[in-house]
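Enquirer: First the structure, which I've put down as structure tokens, then a few questions once you've had a look.
The values are calculated or read from the model by the stated rules, or taken from the named source; none is laboratory data. Quick caveat, the model's predicted, so the values are computed rather than measured. Cβ sites come from the backbone with ideal geometry, for glycine too, and all protein chains shown count toward neighbours.
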Amino acid sequence: MMKHLFRRRAEPEEGSMSLLQESWMRLLSNKGAVAGMVFLTILVLTAICADLIYDYETEVIMQDIPSRLQPPSLKGHLLGTDEYGRDLLARLVHGSRMSLVVSFSSVVLALAVGGTLGAMAGYFGGVIDNIIMRLTDVLLAIPMTLFAIVIVAALGANTTNLTLALGASSIPIFARVVRASVLTVRQAEYVEAARSIGAKHGTVILRHILPNCIGPIIVQFTLRIAQAIYNTAALSFLGMGVQPPAPEWGGLLASGRTYIRDYSYLSIIPGLAIMSTILALNLLGDGLRDALDPRLK
């Protein structure tokens, strides 16, 4: 009997592993998702090792006026220099760290707050659901970029306030996604069983409901990072994001627009970095959506 009991306990783990493997194989069969995943892996490793690749004090923010506005060259500066003689590739590498940290932190903040509100609305329903959803409707009526601009203008332009602004603007999105997912599983038999044995509401939500809603949340998380990178660049371009001399892709794009006629590489290269990263995240998000969709099993 003990062997039979252990065998029955092991079956769900084997099933979950096989489901994970099937999702992973479906993801690998999507060439666009694999390309996006490879690009993002290289980008993240570059951002982590940015200090090892280029020294921040001497190569990123230190001015070298005699070397200003040098074009891209294999013998000198690979991507050229900016109007202050700073190496553009070095600033681009360190700017990737800034863009990824701000974007990832803001989306994690939005997921924590919005996911909590969405789970409460979907699980409890009734008055709580109506209050939370009406508040999200009000926030969704305001364009996300405009909402972030208002917060940054009120609190001041710095990296912390930029992260808070981008996170606050994404809270309604996660609240709606998590609520919709919770509504699909809250009446499932395993949820009713957990309630019948006296499990607390928090335990039911965290251990039984949210793990079965993880697919749409992961997909939305990936796509929101892409949107956050775009919004980070947009606010920095407007002078309301990361402040100079700290490098950020939107700031690099803004500083290069003055010289776009004669030194177009100053704007083209940061623009390509923003575009490529957002494209890679969208490709990965689409691949994850298809891989985690149980209807495609």
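Enquirer: Please determine whether any residue of the stretch 170-188 is loosely packed, with under 13 Cβ neighbours inside 10 Å, in contact (Cβ under 8 Å) with a residue 60 or more places away in the chain and either at negative phi or of a type in the set (Phe, Trp, Tyr) (or both).
Expert: Taking every residue of the stretch 170-188 in turn, none turns out to be loosely packed, with under 13 Cβ neighbours inside 10 Å, in contact (Cβ under 8 Å) with a residue 60 or more places away in the chain and either at negative phi or of a type in the set (Phe, Trp, Tyr) (or both).
Enquirer: Cβ-Cβ under 8 Å, sequence separation 6+ or interchain: first residue in the stretch 27-47 and without any contact (Cβ under 8 Å) to a residue 40 or more places away in the chain, partner assigned to a helix (DSSP H, G or I) and surrounded by fewer than 17 Cβ atoms within 10 Å (Cβ to Cβ). Which pairs?
Expert: Here the result reads LEU28/VAL34, each pair linking the stretch 27-47 to a residue that is assigned to a helix (DSSP H, G or I) and surrounded by fewer than 17 Cβ atoms within 10 Å (Cβ to Cβ).
Enquirer: Anything in the stretch 177-191 that is of a type in the set (D, E, K, R) and either farther than 15 Å from GLY125 by Cβ or in contact with a Pro (Cβ under 8 Å, 6 or more places away or on another chain) (or both)? List them, or say none.
Expert: GLU189
Enquirer: Any chance you could count how many residues in the stretch 193-211 are charged (D, E, K, R) and modelled with pLDDT of 80 or more? Spell out how you get there, then give the answer.
Expert: Quick first cut of the stretch 193-211, residues charged (D, E, K, R) only: 195, 200, 207.
Checking the rest, the ones that are also modelled with pLDDT of 80 or more come to 200, 207.
Residues in the stretch 193-211 being charged (D, E, K, R) and modelled with pLDDT of 80 or more: 2 in total.
Enquirer: Tally the residues that are under 22 Å from ARG261 (Cβ atoms), among the aliphatic types (A, V, I, L, M) and without any contact (Cβ under 8 Å) to a residue 60 or more places away in the chain, restricting the search to the stretch 60-88.
Expert: Residues flagged as under 22 Å from ARG261 (Cβ atoms), among the aliphatic types (A, V, I, L, M) and without any contact (Cβ under 8 Å) to a residue 60 or more places away in the chain within the stretch 60-88 amount to 1.
Enquirer: Looking at the stretch 4-51, which of the residues that are at pLDDT 90 or above and among the polar types (S, T, N, Q) is surrounded by the most Cβ atoms within 10 Å (Cβ to Cβ)?
Expert: The extreme case among them is THR46.
Enquirer: Another question about this same structure. Which one of these is in contact (Cβ under 8 Å) with a residue 40 or more places away in the chain and closer than 30 Å to ILE61 by Cα: LEU166, LEU253?
Expert: LEU166
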